[in-house]
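One structure is given here, and the rest of the page talks about it.
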Amino acid sequence: MPTPYGSRGGMAFSAAELHVLRRSLAHALQSSTAPLTATEVQDCLRLAQAVDEAVGEAGRLRAFLAEDLGRYRQALPGSLAGYLELLQDALAGGYEPQGDDLAALRALRGNRAAAAVLDRAERG
């Protein structure tokens, strides 16, 4: 089921949901009980292509966010507010905190917000 993704307001599908969608499209194209019209076949193919593009774009977005998070982490403690916001968004999107993230949060645990994010990250 689509779920809201962070503050960006978009919708995200899990990998399992995308897999089901791709299988459903393949099934519709290959084993329909009623023959599909050329338009229906093209619609299925366009949807499959859109799913593939969305998967690729999601990977590019995750890579960008991880790099951005690293830049903020390197600028700590001056970038604390931005870093915490990015990390919380990343965690909400399924990001697994890296050792550098946990070390940075431990160093900043005197800050209540950082301590709360550390607790959330460690609980997984």
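No lab work stands behind these numbers, since they all come straight from the coordinates. Predicted model, so just to flag it, every value in this text is computed and none were measured. Cβ placement follows ideal geometry from the backbone for every residue including glycine, while neighbour counts extend to all protein chains displayed.
Given C-alpha coordinates of the range 37-119, what is the ratio Rg to Rh with the Kirkwood estimate of Rh?
Rg/Rh: 1.26.
So if I restrict to the alpha-carbon atoms in the range 21-82, what is the Rg, and what is Dmax, the biggest pairwise distance, in Å?
According to the Cα coordinates of the range 21-82, Rg and Dmax are 20.4, 63 Å.
So what are the range 66-107's ellipsoid semi-axes, whole angstrom, largest first, if each one is the square root of 5 times an eigenvalue of the alpha-carbon gyration tensor? Walk me through the numbers on the way to the answer.
Details: eigenvalues 43, 25, 16 Å².
The equivalent ellipsoid of the range 66-107 has semi-axes of 15, 11, 9 Å.
Report the trypsin sites (Lys or Arg not before Pro) located in the range 60-111 that are in a DSSP loop and have at most 11 other Cβ atoms inside 10 Å of their Cβ, or state none.
In loop regions of the range 60-111 (DSSP not H, G, I, E or B), there are no sparsely surrounded trypsin sites (Lys or Arg not before Pro).
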